[in-house]
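Each remark here refers to the structure printed beneath this line.
The values are calculated or read from the model by the stated rules, or taken from the named source; none is laboratory data. Nothing here was measured: the structure is a model prediction, and the numbers come from that model. All Cβ positions, glycine included, derive from the backbone under ideal geometry; neighbour counts span all protein chains shown. These accessible areas exclude ligands, DNA and RNA; they are computed on the full protein's heavy atoms, side chains included. Shrake-Rupley method; radii C 1.70, N 1.55, O 1.52, S 1.80 Å.
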Amino acid sequence: MISDLSLLTINEVQKQLSGGLLTPTDLLNFYLKRVEKYDPQLQAFITPTPTLAKQWVEKLENKIRNKTQLGKLAGLPLAVKDIFLTEGVQSTAGSQILKGFIPPYSSTVYQRLIDEDAILVGKTNTDPFAFGASTENSGYFPTKNPWDKTRIPGGSSGGSAAAIAGGLAHVALGTDTGGSIRQPASMCGVSGIKPTYGRNSRYGITAMASSFDCPGALARHVSDLALVTEIMAGADPCDATSSTNPVPQYSQLLNSVNLLGLKIGIPKEYFSEGIDLEVKTQVMAAAELFQKQGAILMDISLPSTSLGIDVYYTLVPCEISANMARYDGVRFGQTAQNTTSLIDTYFKTRGQFLEPELKRRILIGTYALSSGYYDAYYIKASQIRTLIKQEFENALRSVDIILAPVSPTTAWPLGEKVNDPLAMYLADVNTVCVNVAGLPALALPCGFDSKSLPIGFQIIGNYFQEANLFSVGHQFQQLTDYHLQLPPL
């Protein structure tokens with residue numbers, strides 16, 4: 001059974017641990033051996049933490065020997081996107097400007113997982129501060145897609161997605177500001193949850209765009225995402241934007257939605273000319289599988305979808321320009337040497353250690369917020385943001401969930417779009433509107449193209465209706481085996 005550990009659910013792993021068929025050390029060693037063997041090829045991790053993981057597992061073994069109550073995630077190998085602060089472990093946000101930064105505290109959602117005895121196996125690669133859609137903007141190295149190592153894994157949570165697809169961790173944390181969990185999950189053939197904005201605390205996560213950022217998770221099984229979200233979610237006194245809505249026991253509600261009579265909206269704008277035919281075919285096959293189970297497919301329209309990219313790439317850089325001001329080389333991170341004044345320190349530090357995409361978005365945001373342009377850009381984009389939100393709300397009054405592709409294409413070759421920012425931004429066309437509206441969405445694998453590259457779809461629900469998404473997604477996985485197929489590493 002050891003060889004199949006990466007395919008087991010959390011519950012199955014916990015049963016083996018409690019039944020004495022497996023020890024936490026066995027579990028950790030399985031994953032650490034895979035990290036050692038495959039990560040040099042994939043480069044999913046910026047900072048692997050094998051020594052720390054072994055120390056934690058030894059403490060867990062002591063708890064078992066002392067018959068102490070174990071957490072719900074006892075021994076579970078956890079990978080964490082490097083924009084989550086992890087006390088005592090380097091947190092770079094994928095940027096050279098924070099190289100060597102050791103945070104004195106941890107992010108709330110990460111802390112909640114390790115409090116349940118999850119084991120950190122490493123910090124995963126990301127586009128710097130989550131600015132990107134391919135993980136190629138990382139200040140360290142590009143991560144490779146486990147299904148084809150000449151291609152991108154998606155981004156910005158590409159390191160986390162590659163770690164799950166490659167069997168280097170059981171669960172991974174990511175963030176989704178404009179699709180950065182769902183898109184890499186789709187391109188790497190795994191599942192990822194972007195919860196409702198405010199469902200999970202943002203405390204202790206380096207900010208990109210504060211009104212869009214949404215921490216979530218990636219895993220092979222939807223049932224694992226349900227359990228992890230159940231643990232992570234909930235109000236946090238350290239984050240005023242976190243919701244006080246009660247957190248359901250998602251892991252106990254996986255069969256709560258009856259597919260018979262379920263109304264599934266198919267938005268025509270997400271199946272437009274820009275979508276690859278093979279992607280469209282596989283996503284519609286997933287929709288038809290639900291239809292065979294008694295669901296009702298309904299054509300709907302979200303007419304402002306085409307404006308999502310414009311809104312997103314106006315508002316997000318505005319928030320970035322404010323959030324990035326703190327990285328000045330004085331308070332934390334790297335500092336340029338041989339400077340002559342404070343202002344010289346600012347200029348040289350930011351010039352030397354901020355990656356090109358960071359500079360590009362800071363400039364765009366500063367321009368849009370400047371005198372004479374604020375009304376034309378920021379205010380207008382904010383108004384359209386409200387319109388997009390209203391269109392989703394209206395659609396979700398007539399359907400239970402919305403089903404759509406995650407990405408218009410499968411993973412593209414490394415380097416193909418890295419020097420074409422506009423082409424890279426357009427890769428988010430099917431994901432950004434969900435973030436603009438603050439809705440929850442779940443990405444799932446649903447097949448492969450003719451190049452054996454994974455294809456994913458997303459189901460979008462109403463606010464705080466993650467339980468419905470987990471239930472529908474779990475039932476889809478019960479009917480298919482796409483999530484159990486492993487890349488040929």
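Data overview
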item: Test: P103 is open to solvent by 10 Å² or more (accessible area, probe 1.4 Å) and in contact with a Ser or Thr (Cβ under 9 Å, 6 or more places away or on another chain); result: no
item: Residue tally, condition aromatic (F, W, Y) and over 15 Å from Y110 (Cβ atoms), over the range 200-219; result: 1
item: Any pair with Cβ under 9 angstrom, 6 or more apart, that starts in the range 256-270 at a residue that is touching a residue at least 40 places away in the same chain (Cβ under 8 Å) and within 15 Å of L403 (Cα to Cα) and ends at one that is open to solvent by 20 Å² or more (accessible area, probe 1.4 Å) and charged (D, E, K, R); result: L262/D400; K263/D400; I264/D400; G265/D299; G265/D400; I266/D299; P267/D299
item: Tally of residues being assigned to a helix (DSSP H, G or I), out of contact with any strand residue (DSSP E or B) (no Cβ under 9 Å at 6 or more places or on another chain) and of a type in the set (V, I, T) across the range 36-73; result: 2
item: Condition check for I300: within 30 Å of I455 (Cβ to Cβ), more than 26 Å from the chain's Cα centre (by Cα) and among the β-branched types (V, I, T); result: yes
item: Single residue of S134, S95, S138, S106 found to be more than 29 Å from A427 (Cα to Cα) and in contact with a helix residue (DSSP H, G or I) (Cβ under 8 Å, 6 or more places away or on another chain); result: S106
item: Of all residues making up the range 446-489, the number that are within 30 Å of K37 (Cα to Cα) and touching a helix residue (DSSP H, G or I) at 6+ places or on another chain (Cβ under 7 Å); result: 12
item: Out of E273, E269, sole residue that is more than 23 Å from V171 (Cβ to Cβ), assigned to a helix (DSSP H, G or I) and open to solvent by 20 Å² or more (accessible area, probe 1.4 Å); result: E269
item: Any helices (runs of 4 or more DSSP H) falling wholly within the range 147-236 and containing at least 3 residues that are under 24 Å from S134 (Cβ atoms) and aliphatic (A, V, I, L, M); result: 158-165
item: Residue identified as of a type in the set (A, V, I, L, M), open to solvent by 30 Å² or more (accessible area, probe 1.4 Å) and in contact (Cβ under 8 Å) with a residue 40 or more places away in the chain among L78, L52; result: L52
item: Verdict on S191 being touching a residue at least 24 places away in the same chain (Cβ under 8 Å), farther than 20 Å from P488 by Cα and of a type in the set (S, T, Y); result: no
item: Matching option when the condition is part of a helix (DSSP H, G or I) and surrounded by 18 or more Cβ atoms within 10 Å (Cβ to Cβ), among L120, L5; result: L5
item: Positions within the range 300-359 being touching a residue at least 24 places away in the same chain (Cβ under 8 Å), open to solvent by less than 80 Å² (accessible area, probe 1.4 Å), part of a helix (DSSP H, G or I) and farther than 30 Å from K268 by Cα, in sequence order; result: C318, E319, I320, S321, A322, N323, M324, T349, R350, F353, E357, L358
item: Total residues in the range 97-117, condition aliphatic (A, V, I, L, M) and not in a helix (DSSP H, G or I); result: 1
item: Residue that is farthest from D224 (Cα to Cα) [pool: residues in the range 18-35 that are assigned to a helix (DSSP H, G or I) and out of contact with any Leu (no Cβ under 7 Å at 6 or more places or on another chain)]; result: K33
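Per-residue answers, yes or no, for (1) at pLDDT below 95; (2) farther than 30 Å from K380 by Cβ:
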| residue | (1), (2) |
| --- | --- |
| K292 | no, yes |
| A295 | no, yes |
| P317 | yes, no |
| V330 | yes, yes |
| G333 | yes, yes |
